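Engineer: Pasting a structure here, questions to come.
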Amino acid sequence: MSRTPERFPASVYTRGDEPDARFSLANERTFLAWIRTALALLAGGVALEVLGLDLHPGLRLAASLVLVIAALATSALAWTNWARTERALRLGTPLPASLMGPLLGVAVTAAGVLVLLSVLLR
């Protein structure tokens, strides 16, 4: 008798029934898209500060920090959203709402306003 290997995270895979693979794979692709978004935010935040553009230094640093913090939050929420969605698929319950859109909207708007102010105040 062959034993099925345990899958990580057990909090997701020990619940409910195995959903259609297409749905699980779509959920994984969404997770990876959010990770790419987090990488882009991180790269933007680092580049903004490292390139030392002729911008107001305090506002430039603030914009960089907003982007880096948004990247960290996006990657953490991506994992949480993946697990919550996969669990809902396995249990046949409605898909959970996500905070990703509002988080990114606020963060990118804040960073944009800070960069705009730093250009105007240089």
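Engineer: Looking at region 12-122, what helices (runs of 4 or more DSSP H) fall wholly within it and have at least 3 residues that are among the hydroxyl-bearing types (Ser, Thr, Tyr) and surrounded by 13 or more Cβ atoms within 10 Å (Cβ to Cβ)?
Structural biologist: Per the criteria, 21-50, 57-91.
Residue-by-condition table, conditions (1) among the hydrophobic types (A, V, I, L, M, F, W, C); (2) in contact (Cβ under 8 Å) with a residue 40 or more places away in the chain; (3) closer than 24 Å to Ser118 by Cα:
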{"residue": "Ala33", "(1), (2), (3)": "yes, no, no"}
{"residue": "Ala43", "(1), (2), (3)": "yes, no, yes"}
{"residue": "Leu51", "(1), (2), (3)": "yes, no, yes"}
{"residue": "Arg84", "(1), (2), (3)": "no, no, no"}
{"residue": "Ala88", "(1), (2), (3)": "yes, no, no"}
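Engineer: Given the structure, is Thr109 within 20 Å of Gly44 (Cβ to Cβ), of a type outside the set (Phe, Trp, Tyr) and free of Cβ contacts under 8 Å to residues at least 60 places away in the same chain?
Structural biologist: Criteria met by Thr109.
Coordinate-derived values only; no laboratory data. Please read these numbers as outputs of a predicted model, since none were measured by experiment. Note that each Cβ is placed from the backbone with ideal geometry, even for glycine, and that neighbours are counted across all protein chains shown.
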